[in-house]
Structure formats: structure tokens, C-alpha cells
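Quick note: the coordinates plus some simple rules give every number you see, no bench work behind them. No experiment lies behind these values; they were computed from the predicted model shown. When we count neighbours, we look across all protein chains shown, and the Cβ atoms used for this are built from the backbone with ideal geometry, even at glycine.
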Amino acid sequence: MLSLIIFVPLVFALLMLFVPKTQERLLYGLAGIGTLIPFVLSLILAAQWTSAPVSTEPYAAGMRFVTHVPWIESIGVHYTLGVDGFAFTMILLSTLLFPLAVLASYKYINTRVKDYLILLLILATGTNGVFATLDFMLFYVFWEIVLLPMYFLIGIWGGERREYAAIKFFLYTLIGSTVMLVGAIYLYVRTGVGTFNLLQMAAETSALPIDGLTTFAFFALLVGFAIKVPMFPFHTWLPDAHVEAPTPISMLLAGILLKLGSYAMVRISHPLLPQVAAKYANLIFVFGVVGIIYAALAAMAQKDFKKQVAYSSVNHMGFFIMALAAASKLAAAGQPDLAQVALQGGYFVTIAHGLISPLFFFAVGMFYERTHTRDLTKLGGMFLTVPVISFATAFVAFANLGLPGLAGFIGEFISLTGSYPAFGLWVLVAGVGMVITAAWHLLTMRNVLLGEAKKEYAGLPDISWKEKLIFAPLSVLIVLFGVYPKPVLDLLSASVETLTQVMGLGGM
């Protein structure tokens, strides 16, 4: 089933090669089916989750829906798939967002539609593959598959500075990927474990002494993933990529592509070298908190609506970095229960952000399609011009700033609560970031939504049925998980417990 979730989009991409480029409606239909099938399959797996057997094999211990096939046995590379709570929540999010991105692209992307949709489906294959694989080399293959489609999707269908943004994204990610690969190969050679299976490697690497080379290996992995998160100060590619990317690609970039980095940290860098993660937890915490404050201030200073929302992604992912550092420190100090709280909160932040941020970028896109500007100084009075779109934008803005009752609040609150035992009052600095974040959201809503209606925008069409179909599922989930987060927390609980046990090895 996991193989189908990964490769069905690729099969449809190959099928679309034989469809004439003039048949745009058929192409969109195939792309829609090719992304909906993985979503349906992921829902089937969700229904089977509690009854699915948990593997006890060393190559997939604690995983469900496992597939294990030899691939390159001479160096210990296998086609091994399996998911736990960390991976499965991301697969559910990914398979939900890709059909919505296809729908958002309909009648929005009008040039080279065939090429665009094929790249989108290849991107879906790479993304789903990253979350499902348990072998590092297979992980690396899927990780690199994600890079090329995104480069072209920004570079061909983006804004005026699309080539600059695409090249910057490509260089940052490629350099990070290369450094990451070097770190993993060093650990493979150092341990002599004879396999690239992530779980089996972790059993050996977690016992390595902390020296210069293991420290290098950890930070090589961490930097490769931090670029994708993006973690301060490796974030500078993100605002440019978001501003220039077309709206559906911004939705995917914020909603799921950034989560590749956060997922990789809990799957690879911290389980492989928990002893190094614990030693440098304070440093990682500093980067997380600085990112929260810096990104909030940077967002407040922006005049471009889309760039403002882009900086908010850096701000929110800083909470994940902070909570991950706290979990490492607490687990190494022999406090696994407290570590679990921090880790659960941090990962919930990534899930909530994956629901809220795509919706925020889509709201910005709706304004841009109608007004042809993202300049905050040129917008205003939208509640009187397009009231439904304005209400939807206000809803997602309140969710993004962390209003209680919506999904954004849950993760940040648990992250702060869980991080306090590790870092004490320093956690209040992150709280200041939340205040700044709330401030710029309120200022933006005042500038864009309130005030007198502008004459040049009179008669603009309000929300369409297509836009309602995109808003509805994400809005329902934002409210549902804000009021009742238990399903997500339960899904994560076993994985969180396992990872904190592994992190506890850093204190031995």
C-alpha cells in the first residue's frame, strides 16, 4: 500500500506523457485522480492503523505496513518502507495537500499545463517517498527527486524574479544534501554496520563516542535538514522562493516541503547521534528561539503580503527546533516523560503549520488574482469589497497567530510548556516572539481588511466554488484539531516515546 501511495502519481505522470498538451481538461483530470488515489489509500491505512501489526524486525522495529525487498545488497541498501506516527501524519498531510494544489492550479496555470502537472506528480512521488522509507540511500534518492521538480516549478511558472529564486533554492538544497550525504556515509563507514537501514544504523551510531568526527557527522546531517525546515540562519532562500512561486506551489512548499526537514530530524539526525544532539541542545535551542524572534520582526517589516506570510513559516518552525532541543536535553537528563511533552508539542506545531500555512498563502493568492498586487499599502477595505474572502483570511490569520481553539495554539502551547523544564525562563523569549507575531497579524488585518473600500477594487468577484472546496477541508481540520487534538497526539504517542528513549542514550 505504501508503494502505491508513492508511485501512483509517477504512473499518472508517465501516462500524461501520451496525452496531447492541448487536452488541458483531461490533463487536470488525470492529475487530480493521480493525487486523489494516494489520499484515499492513506485514509484506508488510517482506518487500519490500530489493527495493523507492529513489526519487530530490526530493520523496521515499531513500524507498520512494512515492505522489505533487497536492492543493492553488496552495500546493504534495501527497499524498506514502513511508517510510525511521525511518518504517517506527514503522509496524510502530503496526500491531502497535493489534490488541493491540483485544484488550485486549475484555470490558474494556463501555460505549459502538461509540463506543470507532470512535475507536480513527480514532486508528489518524491515527497511521499521521503516519509515512507527506512533506508538512508532510498531516502536520499527521494529527497533529491523533490529538488528538481520544485526548481522547475518555481523557475518556469514563478514571478518576475523566478530564475533567481529557483537557483537560490536549488543551490541551498543541493549543498545541504551533499553535506548530509557525507555525514551519513561517514557513519556507515565508522560503524561498519554494513547497512544503510536507519533503524539498524541508529543502534550502532548511538553508542559512538563524542569526538570531532561524530560531531561533524551530526551537524552535517542537521544542516542538510535545517536548510529544508528552514532553521535560522539557513532560511534566506525561503522568502524569495515563496514570493516568486505560483500560489499552488507556495501551498505545497509551506504545507509539506518544509516538513521534510523537520521529519528528517526526528527520523535521522537525532536518533542516529542522540549523544551529540544532547551535548549541543543549548546551541540548537538558541537557533530556534532566535528564529522565532527574528522571523516575527522580519514579517512585521514587510510590505509584500506573501513575503510576510513566508517569514511566519520560519517563525513557527522555530518552535519545533526549540522543542526538539528541549526533548534532547530532558531525555539525556533522565526525564523522558518531560521530554515526551516537548517533542509531542514541537511535532504538533509542524502538523498544524502544514494545515494553516497553505491556506494563508492561498488567501494571499485570492487577493492577488483579483487586485494584481501584494503591496500591503495598496490594499484595504476588503471586508466591504469581498466579504467572504476577507472572513476566510481573518480566520486563517487568527489560526496562524495561535488563537486558542484553533490548531496553531495547541502545538505552540505544548512546546512552551514542555521546553520550560529544560531551559527555564529563557523560554519566555519565545513567548515574546508570539506577542510580536500576534501584533503583525493584527496590523495586517487592519491594513488589508478594514477601512474604507477602495474605488479601484469595486465590483471584484467574491470567493468561487473552487476556492470554497480548497478552504473547506483545511478549515475543518484546523478547528477540529484546535478543539480536539487527541487523535493526532495519540497517533504520535508511541513514536514520541520511542524517540525519547533513544535520545536518553545521549545521557549514558
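For the chain, what does the helix formula give at 222 nm: sum of -39500 (n - 2.57) over DSSP H segments with n ≥ 4, over the residue count, nearest 500 deg cm²/dmol?
-24000 deg cm²/dmol
Taking the Cα centre of each part, how many Å lie between region 52-110 and region 398-421?
First find each Cα centre; the distance between them is then 28 Å.
Using the Kirkwood radius over Cα pairs, work out the Stokes-Einstein diffusion coefficient for the chain at 20 °C and 1.002 mPa s, in µm²/s as a whole number.
The Stokes-Einstein estimate is 94 µm²/s.
What is the magnitude of the charge dipole of the chain about its Cα centre, with +1 placed on the Cβ of each Lys and Arg, -1 on the Cβ of each Asp and Glu, and no other charges, expressed in debye to the nearest 20?
980 debye
Taking loop as defined by DSSP and a crowding limit of 16 other beta carbons within 10 Å, which GluC sites (Glu not before Pro) in region 372-476 fit?
GLU452
Beyond a 31 Å Cα-Cα separation, which of these cross-linked pairs lie in this structure: LYS306/LYS329; LYS307/LYS486; LYS21/LYS228; LYS259/LYS486; LYS168/LYS468?
Values: LYS306/LYS329 36 Å; LYS307/LYS486 33 Å; LYS21/LYS228 33 Å; LYS259/LYS486 21 Å; LYS168/LYS468 34 Å.
Where the Cα-Cα span goes over 31 Å, the pairs concerned are LYS306/LYS329; LYS307/LYS486; LYS21/LYS228; LYS168/LYS468.
Roughly how tilted is helix 24-47, in degrees to the nearest 10 and between 0 and 90, from the longest Cα axis of the chain?
Helix 24-47 sits at roughly 40 degrees to that axis.
Loop only per DSSP, at most 15 neighbouring Cβ atoms within 10 Å: give me the GluC sites (Glu not before Pro) in region 127-218, ordered by residue number.
GLU160
Compute the helix-to-body angle for 212-228: its Cα long axis versus the longest principal axis of the chain, expressed 0 to 90° and rounded to tens.
Helix 212-228 sits roughly 20 degrees off the main axis of the chain.
For the chain, the longest stretch holding no trypsin sites (Lys or Arg not before Pro) located in a DSSP loop with at most 16 other Cβ atoms within 10 Å is which?
Here the longest run is 162-302.
Helix 136-157 versus the longest principal axis of the chain: what angle, 0 to 90°, nearest 10, using Cα atoms?
On a 0 to 90 degree scale, this one is about 20.
Distance from the Cα centre of region 346-363 to that of region 257-273, in angstrom?
18 Å
Per residue of region 237-249, what does 6.51 cos²θ - 1.76 cosθ + 1.60 with θ = phi - 60° give for ³J(HN,Hα)? Whole Hz please, x for Gly and Pro, Karplus curve as stated.
Using θ = phi - 60°, the values come out as 6, 5, x, 5, 4, 5, 5, 8, 5, x, 3, x, 6 Hz.
Could you give each residue of region 442-459 its phi-based ³J(HN,Hα) in whole Hz, using Karplus coefficients 6.51, -1.76, 1.60 with θ = phi - 60°, and x for Gly or Pro?
5, 5, 5, 4, 5, 6, 8, 9, 9, x, 6, 5, 7, 4, 5, 9, 5, x
Hey, what do the phi angles of region 264-276 turn into as Karplus ³J(HN,Hα) couplings, whole Hz, using 6.51/-1.76/1.60 and θ = phi - 60°, x for Gly and Pro?
For region 264-276, the Karplus curve yields 5, 5, 7, 9, 10, 5, 6, x, 6, 10, x, 5, 6 Hz.
Please get the size of the charge dipole for region 280-508, origin at its Cα centre, with Cβ charges of +1 on Lys and Arg and -1 on Asp and Glu, quoted in debye to the nearest 20.
So the magnitude is around 500 debye.
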